[in-house]
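To keep things clear, I will list the structure first and then write my remarks on it.
The values are calculated or read from the model by the stated rules, or taken from the named source; none is laboratory data. Quantities reported herein were computed from a predicted structural model and do not represent experimental measurements. Cβ: placed from backbone, ideal geometry, glycine included. Neighbour counts: every protein chain shown. Remember, those area values only see protein heavy atoms, side chains included, never the ligands or the DNA or RNA. Shrake-Rupley method; radii C 1.70, N 1.55, O 1.52, S 1.80 Å.
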Amino acid sequence: AQQLAATLAGPQGETVRDAVRRQREQVENLRRAAAADVRAGRDEQAAARLREALRLAEDLPELANELATVRCAPVLEVTASADGAGVRIAWRPAPDHAAPEHGEQTTFRVVRREGREPVDVEDGREIPIGTGRSTTDDAPPVGRQVHYAVFTRITGRQWSRPASATVRVLPPVTDVVVEGGSSVVTGRWRVHPDVATVEVHRSEGIPEGPSKPMSTPMVVER
């Protein structure tokens, strides 16, 4: 449009050139605002501004290159819930109006790390994802704080910033069997192989009056 406007003469040409200059200024303003958004961590706003700039100036390839360097929008919420000896991780994508890239073409990645939250997709152990917006870590570390981060990406864009959740897994005992004898009670159970100590409590009811159980702990070392 700028090249065509340069060939037009007279008032009509000047009007066209003014329109082209205003549009070019708008594109440059959008680029500067997008750069400020990236520096402030407002990736969604930066991408929206660059998409608008591309709509106004499709013939500027540098705009597409700048958009490719912007991180995708992160998911809004991540939950990590202990499920027996495993952990269920679920997340909620951003709404379409805020992050249009969170559609069918979006790739999600879940990363696990101990000690602190993962900062990128290579900073920890990847947890496989099937379909949908959740997955399960079948073999997490137990008895320690475990951090999970979810990242998003679409083709041609950078991975998003992490959205994280933390959980501590305390696997329950299973297959509990208690057998009473004439003077002894025997208990058997199964535990996770990483469990070091099992604490057994015995409660005794009071025959008369309100029930006031007494708990006596018995620690069983593995």
Practice task
Highest first, please rank the peptides 160-167, 188-195 by the mean number of other Cβ atoms sitting within 10 Å of their residues.
Solution key: 160-167, 188-195
Fill in the blank from the handout: With a Förster distance of 22 angstrom and the Cβ-Cβ distance between Thr69 and Gln23, calculated FRET efficiency to the nearest 0.05 equals 0.40
Problem - Solvent-accessible area of Ile129 with every protein chain in place, 1.4 Å probe, in Å² to the nearest 10 - result: 50
Fill in the blank from the handout: Nearest-0.05 FRET efficiency for His192 and Thr79 at R0 = 25 Å, using Cβ-Cβ distance, is 0.65
Handout entry: Estimated FRET transfer efficiency when R0 is 25 angstrom, pair Val176-Gln145 (beta carbons, to 0.05)
Key = 0.35
Problem - Computed lengthening from Ala40 to Thr155, 0.36 nm per intervening residue step minus Cα-Cα distance - result: 39.0 nm
Practice task
Measure off, as a whole percent, the carbon and sulfur share of the 1.4 Å-probe accessible area of segment 22-134, all protein chains present.
Solution key: 45
Handout entry: Cβ crowding within 10 Å averaged over residues, with 119-128, 144-153 ranked highest first
Key = 144-153, 119-128
